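Only the coordinates and a few stated rules stand behind these numbers; no lab work does. The structure displayed is predicted, hence computed values, not measured ones. Positions of Cβ are backbone-derived with ideal geometry, glycine not excepted, and every protein chain shown enters the neighbour counts.
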Amino acid sequence: MAQKLFVTLQIQVFIILNNQSGIIDKWQISTDTMQTWTDVNNTTIQNNFSNLTITTHYRVQLSGGVCGTELSDTAAVWVNSSPIANFSVPNTCHTSVSKFSNQTINGNSNTYFWDFSDGSTGLNKNPNYIFTKPGSFNVTLVATSADNCKIYYFKNCCN
């Protein structure tokens, strides 16, 4: 039976507009590298957001200042994708080769760490491993992206 560990990181972030001249008409967001902007119904100096899944840019439209209607500088909140770890391995008899099939997706240039729960570890993407004793082993796969986002996946397996 596979045990999945999902870690949800909830971060509340505040962007605050400082030293503005004029009245805040609206906030705007862009999720496509500032090609298109979507209005946000907010006329306060602070914009709150949480649980972003992609990089998002923010700006404010001001009016009534010295220069009429203006747009503020942009602020960006960068979101790095985390790998989604998974693997399969057929049941084998001890002393036979267990062929682990890494099915991790997402992340950039992932690296892998395996803990076979019998004192041995590995770094290959798809390791072959021989368990020398019979039993069920709680194998752990740790996938780490180039941005150092880590995810742990646990599964009881093998013989």
Next item on the list: Taking H placed 1.01 Å from N in the peptide plane, check which residues at least 5 places from N106 or on another chain put their amide H under 5 Å from its amide H.
Entry: I84
Item checked: Where no second cysteine Cβ lies under 4.7 Å, the cysteines concerned in the chain -> C67, C93, C149
Check: Taking the Cα-to-Cβ direction at F49 and at F154 and moving 7 Å from each Cα, how far apart do the two end points lie in nm?
Finding: 3.5
